[in-house]
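The values are calculated or read from the model by the stated rules, or taken from the named source; none is laboratory data. Not measured: the values here are computed from a predicted model. Glycine also receives a Cβ, built like all others from the backbone with ideal geometry; neighbour counts cover every protein chain displayed. Note: accessible area is taken over every heavy atom of the protein model, side chains too, but ligands, DNA and RNA are not part of it. Shrake-Rupley method; radii C 1.70, N 1.55, O 1.52, S 1.80 Å.
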Amino acid sequence: MQKITSFTIDHLKLQPGVYVSRKDPVGDSLITTFDIRMTSPNEEPVMNTAEVHTIEHLGATFLRNHPDFGSKTIYFGPMGCRTGFYLLTRGLTPAEALELTVESFRFMAGFEGAVPGASEVECGNYRDMDLPAAKAEAAAMLPVLEALTGDELHY
C-alpha cells in the first residue's frame, strides 16, 4: 500500500508552524489541508485530550462563524498524535488561511465563558474539557503564527 503524503514528512525535523499539507481538486473547488503543528513531534510532550478537545470546539465554532471565511471552512480538528490540528479550506490562499489561523488562535487565547457545545446534549465527551489549558496552548502558539508569512507554509 502506498504511504499517504503526511507519513512521508520527516517528523524528526518538523517544528511548530503552519504547513500546506495537500491540495485536492473537488468539483470546481480546491480543498487545501493545512497542518497546524503546535508541538515538535517526538520531541515535546503532546497535548492532553482535554485541551485538544476544547481547542477543537473553540476553533471549529470560531472558524465556521467567521464573517469572511466561514463558508470556506470545511473542517477543523485534531491530529490523532495530539501534536496539532488540521484545517481544511475551500479556495483560501495560504496567506488567507494564515490570517484566519492567527485570528482563531487569538480568539481561543482570550476566550471567556462556557465552551461552545460542551454539554451532555451537544457532545459525546463533554466532561473532557480544559479551558485554561486550551487558552494557554493557543497563547503559546501565537508567537509562532505571528512570525510566519503566507510564503513560508511548506514542509
**Request:** Taking a cut-off of 29 Å between Cα atoms, list the lysines near Lys23, but don't count ones fewer than 8 places away on the same chain.
**Result:** Lys3, Lys13, Lys72
**Request:** Over the Cα atoms of region 1-67, compute the convex hull volume and normalise it per residue, giving Å³.
**Result:** 137 Å³
**Item:** Residue-normalised accessible area of region 1-113, given per residue in Å² at a 1.4 Å probe
**Value:** 51 Å²
**Item:** Label-point separation, Arg22 to Glu96 (7 Å along Cα→Cβ), nm
**Value:** 2.2 nm
**Dipole of region 1-125 [Lys/Arg +1, Asp/Glu -1 at C-beta], most positive-end residue of Val46, Phe7, Tyr86** = Phe7
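So for region 33-155, what are the equivalent ellipsoid semi-axes in whole Å, largest first, each being the square root of 5 times an eigenvalue of the Cα gyration tensor? Numbers along the way, then the final one.
Values: eigenvalues 94, 62, 33 Å².
Taking √(5λ) for each Cα gyration eigenvalue gives 22, 18, 13 Å.
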**Prompt:** What percentage of the solvent-accessible surface of the chain, computed with a 1.4 Å probe over protein heavy atoms, is contributed by carbon and sulfur atoms?
**Reply:** 53 percent
